[in-house]
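Worksheet: one structure, shown below.
Computed from the coordinates by the stated procedures, all read-outs in this text should not be read as laboratory data. Predicted, not measured: the structure shown is a model, and the values here were computed from it. Note that we place each Cβ from the backbone using ideal geometry, even for glycine, and neighbour counts take in every protein chain shown.
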Amino acid sequence: MKAAVIHEYGDSTVFRQEDIAIPEPGATEVLVRVHYASVNPFDYKVRAGHMKDGMPLKFPAILGTDMIGTVEKAGSSVSKFKKGDLVFGKANFGSNGSYAEYALAKESNIAHAPKNMPEREAAGLPVAAGTAWSVLVEMTGVKKGQKILITGASGGVGIMAIQIAKTLGAYVIGTSSKANLRTLKAMGADEAIDYAEGDFSEKVSDVDILLDTVGGETLSKAYKIVKKGGKLISLTGPTDNAAADKYGIDAKYLSVPSDGKTMEELAKLADSGKLKVIIDRELPLEKISEAHALSESRKAKGKIIIKIQY
């Protein structure tokens, strides 16, 4: 099979297009013939070695988590899926990831694909929408009428978080650049704030839940605008316990991984028309280096989809 392989950490040019053996699924795994994959910021951070202390790669490595495709072979203990099923979810990143014509996935990390969403769009759901679901449903338990602020809301997770929060009945505020304010509103945000027009933390107060996708100075300003007893979730790194105690809030770094059950819920939302995926562009596997460079530039407006085969 064709695969984009890396043999060392480095910039986006470290990918090598290689012909390698198709892997065999273990007892609880499925082999998926990948139709589409997508690129997430997590991918380039691992590729560049930023996470090698906590998540070292074993080279040669095949990156890529998001995928949609058909089951080619199921392991001996797999009961939910059979050959020919259209599935989506998370591939085995780093060992047999989705930047290849065939990928391996644990049965517990995939689900039957949405029926009413184009495959190229569904390929962009697993990590971004799965993360948003984990935060809003599993970690914070959003309730109807609660006020939520999402920083960097025009990113992959932010766009999904707006939509999921609205289905849960929340009042949603998002921050982004001026160019993306319309996108936030189109996705359902009740308020859209241009982060370049003054200090966002002076414009919002008493939010029940704050989801930070930016980090740095933005995260440091976020604690004071969460109401006492509220929750702050960071996607960029550890939170400040002292600041959380000062304002009487619960602050955590995302630690709940999405799985196949989450994918099932996302498929339901997609089929009901409550989830939309914005695609910046679609590129072939041969241009994975270009896709990573674009993702790393943070200039993509929406998901970067990789067409593998069909």
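Counting neighbouring Cβ atoms within 10 Å and putting the fewest first, the residues Glu282, Glu101, Glu264 line up as Glu264, Glu282, Glu101.
Extension gain, Ala186 to Tyr253: 0.36 nm times the residue separation minus the Cα-Cα distance gives 21.3 nm. Over the range 69-180, the alpha carbon radius of gyration divided by the compact-protein estimate 2.2 N^0.38 Å works out to 1.25.
Using 1/(1 + (r/R0)^6) with R0 = 41 angstrom and r between the beta carbons of Lys58 and Lys82, what's the FRET efficiency to the nearest 0.05? For Lys58 and Lys82, the calculated efficiency is 0.85.
The range 65-94 and the range 2-18 have Cα centres lying 24 Å from one another.
Computed extension gain for Met51 through Asp19, at 0.36 nm per residue and net of the alpha carbon distance, reaches 8.8 nm.
With neighbours defined as other Cβ atoms within 10 Å of a residue's Cβ, the residues Leu266, Leu181 order from fewest to most as Leu181, Leu266. Compute the separation of the alpha-carbon centres of the range 95-131 and the range 220-236 and state it in Å as a whole number. The distance from the Cα centre of the range 95-131 to that of the range 220-236 comes to 31 Å. Centroid-to-centroid, using Cα positions, the range 254-290 and the range 145-190 are 17 Å apart.
Relative to the longest principal axis of the Cα atoms of the chain, helix 156-167 runs at roughly 70 degrees. With respect to the chain, whose longest principal axis is taken over its alpha-carbon atoms, helix 288-297 is tilted by about 10°. The relative contact order of the range 100-216, computed from alpha carbon pairs under 8 Å that lie at least 6 residues apart in sequence, is 24 percent. Here the extension length gained between Thr28 and Lys246 equals 73.9 nm, from 0.36 nm per residue of separation less the Cα-Cα distance. Taking all Cα pairs closer than 8 Å and separated by 6 or more residues, the relative contact order of the chain comes to 20 percent.
When the chain is modelled as a GNM with alpha-carbon springs shorter than 10 Å, which of Asp208, Asp245, Asp53 fluctuates the most? Comparing Asp208, Asp245, Asp53 in the GNM, the peak value goes to Asp53.
What order do you get for Phe200, Phe59 when you list them from fewest to most C-beta neighbours inside 10 Å? Ordered from fewest to most neighbouring Cβ atoms within 10 Å, Phe200, Phe59 come out as Phe59, Phe200.
For the chain, with a Gaussian network of springs between Cα atoms less than 10 Å apart, report the residue from Gly230, Gly94, Gly49 with the top mean-square fluctuation. With Cα springs under 10 Å in the chain, the top fluctuation among Gly230, Gly94, Gly49 is at Gly49. Taking amide H positions as placed 1.01 Å from N in the peptide plane, with prolines and chain starts having none, which residues 5 or more places from Ile308, or on another chain, fall under 5 Å of its amide H? Amide H neighbours of Ile308, under 5 Å, 5+ apart: Tyr36, Ala37.
Taking all C-alpha pairs of the chain, those more than 28 Å from each other amount to 38 percent. Annotation: average projected area of the range 127-253 is 6.6 square nanometres, based on the convex hull of Cα atoms across all directions.
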